[in-house]
Amino acid sequence: MIERDSSQADPGERELGQVFTPDDVAQQIAGMLDFESSGRARILDAGAGHGALSEAVAARSAELGPRPSFVLVELDPVLANGIVEDCRRWAAPSDATFTVISGDFILYSPPPDGLFSHIVMNPPYLRVAAGSAQQSLLRAAKIAAPNLYGAFLWHAVAMLQHDGEMVAIVPRSFFSGVQFRRLRHHLLDSLAIETIRGFERRDVLFARDGVLQEVVIVKFKKSPPAAHVVIEWSMADGSLSARRAAYEVVVESGVDRRIRLLGHDEEVVDRKSWRPLIDDSLSVRTGEVVDFRTPEVSSDAGIDCVPLIDSRYEPLLRSIRPRGGPRYLPRSHAAVHPPGTYVVVSRFSPIERRPRIRAAVVPEERTTVWGGIAFENHVNYISGRGKQQLTAELAEWLLSVLTHPDIEAQFRQVSGSTQVNLSDIATLLVPPELEAQRPGV
């Protein structure tokens, strides 16, 4: 289950992180399962909710083989009791058996001989608070995940039989976020990705619940990786676009093991020999000033103040009209940087926006007049490392790279959030024709 505008949920749903699976989404997930070679089908529905996923799978009764069995695990006892009645109806056309377990999936463990041939899930999306009972529970289960949807994925891995399949609809953020690195290693050490389905519009899947995040459907298989991953896109007009990409292009082999989602019309580019944008001479950081925590921020330009650069910095805005006027910080504040040349990158980056990366140069002549510069938390900034300063030439080169179409493509492939994170910038690779123009090369 996916993060959404919690104002549209009732209190019980907010508490459990529930966003129920629409019928059309359930049918898509069920349709991605393969039953031809699984033998007797044993299906696990983790975080079953209203049971929409099990119902959609059960509707494929002619393909399930003899005596298929379903186990549905749901924390909410009211929902679990309701599913029991529905299961009798779903079982009627076949000889399927249904077991409904009212309890926490993280505490669930199947019998030793009870591994599943197929797992489906739309897990809850709740962040795990530090020091909470949930965090203690995950630690006790040796699960390293920052939220419950990651924990569900982690816990399900051990329940899948050899050659078994798991299909989950989850936020795309785990594809690249640093906080999900251990989860990616855990998943990809045991499972291979067979199919990823993206959605051209993120506002239609869970429209009733006001979902805010980009979501994907991912099909895993407990087997060695195939040569290719199928990349599918559900288009705004209702059509489905499909392509294949080499496994090593989609699943990186480095320390981060990020997962790339290629666009439906993007060319596959071999970047193995490309150099990183941020080398040893450069530093990239997030602005230190959090305005609502910094009472010294003012809209008055005092004689001993410097401008606070935020996402409203004019060169970043393009066609966007700024809200409010400029803001300033006392020159004596610890967050003020010395005069010099800097490159700023807006952190806020809606998925629908083109280009996703918006960058601008803050020239030395401006910061010299101001007597320094400060950066607000809604921007990242690139500077020289240590005592080194960016030259105007290097800053303009960085700007040309950050606004290059291939950099935009790289970012879209790995970004699963509405922000440009430091790790996103640090892992960008420079096209060879631009690398040759790097000042000092």
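The values are calculated or read from the model by the stated rules, or taken from the named source; none is laboratory data. This one's a predicted model, so the numbers in the text were calculated from it and none came from an experiment. All Cβ positions, glycine included, derive from the backbone under ideal geometry; neighbour counts span all protein chains shown.
Tabulated data
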item: Answer from Asp203, Asp237 - the residue that is at pLDDT below 90, over 16 Å from the mean Cα position of the chain (by Cα) and in a loop (DSSP other than H, G, I, E, B); result: Asp237
item: Region 98-121: number of residues that are out of contact with any Asp or Glu (no Cβ under 9 Å at 6 or more places or on another chain), under 18 Å from Glu165 (Cα atoms) and among the polar types (S, T, N, Q); result: 1
item: Residue list for region 78-96, filter: touching a helix residue (DSSP H, G or I) at 6+ places or on another chain (Cβ under 7 Å) and either assigned to a loop (DSSP other than H, G, I, E, B) or of a type in the set (Val, Ile, Thr) (or both); result: Pro93, Ser94, Ala96
item: Members of region 404-419 found to be part of a loop (DSSP other than H, G, I, E, B) and over 12 Å from the mean Cα position of the chain (by Cα), listed by number; result: His404
item: Filter result for Val170 (modelled with pLDDT under 95, touching a helix residue (DSSP H, G or I) at 6+ places or on another chain (Cβ under 7 Å), under 27 Å from Gly31 (Cα atoms) and in the same structural domain as Ser54 (by TED's automatic domain parsing)); result: yes
item: Region 103-118 residues that are assigned by TED's automatic domain parsing to the domain that holds Leu79 and part of a loop (DSSP other than H, G, I, E, B), paired with ones that are polar (S, T, N, Q) and at pLDDT 90 or above (beta carbon under 9 Å, 6 or more apart); result: Leu115/Gln161
item: Among the residues listed as Ser109, Ser69, Ser102, Ser94, the single one being surrounded by 14 or more Cβ atoms within 10 Å (Cβ to Cβ), hydroxyl-bearing (Ser, Thr, Tyr) and closer than 15 Å to Gly47 by Cα; result: Ser102
item: Residues satisfying the stated conditions in region 144-167, i.e. touching a helix residue (DSSP H, G or I) at 6+ places or on another chain (Cβ under 9 Å), farther than 19 Å from Glu74 by Cβ and not in a helix (DSSP H, G or I); result: Ala144, Ala145, Pro146, Ala158, Leu160
item: Candidate set from region 174-195 (those that are under 16 Å from Ile217 (Cα atoms) and surrounded by 23 or more Cβ atoms within 10 Å (Cβ to Cβ)); member that is modelled with the highest pLDDT; result: Leu187
item: Enumeration of residues in region 245-261 that are surrounded by 15 or more Cβ atoms within 10 Å (Cβ to Cβ) and not hydroxyl-bearing (Ser, Thr, Tyr); result: Ala245, Val249, Val250, Val251, Glu252, Asp256, Arg257, Arg258, Ile259, Arg260, Leu261
item: Number of the exception - Tyr381 against (1) out of contact with any Leu (no Cβ under 8 Å at 6 or more places or on another chain); (2) in a loop (DSSP other than H, G, I, E, B); (3) touching a residue at least 60 places away in the same chain (Cβ under 8 Å); result: (2)
item: Flag for Val57 being touching a helix residue (DSSP H, G or I) at 6+ places or on another chain (Cβ under 8 Å) and part of a helix (DSSP H, G or I); result: yes
item: Which listed residue, of Gln161, Gln213, is polar (S, T, N, Q), farther than 24 Å from Ser69 by Cα and surrounded by 14 or more Cβ atoms within 10 Å (Cβ to Cβ); result: Gln213
item: Any hit, region 294-312, residues being under 26 Å from the mean Cα position of the chain (by Cα), surrounded by 15 or more Cβ atoms within 10 Å (Cβ to Cβ), acidic (Asp, Glu) and closer than 17 Å to Val379 by Cβ; result: yes
item: Residue match in region 132-154 (condition: within 30 Å of Arg67 (Cα to Cα) and touching a Lys or Arg at 6+ places or on another chain (Cβ under 6 Å)); result: no
item: Among residues of region 126-143, those that are more than 20 Å from Pro110 (Cβ to Cβ), in a helix (DSSP H, G or I) and among the aliphatic types (A, V, I, L, M), counted; result: 1
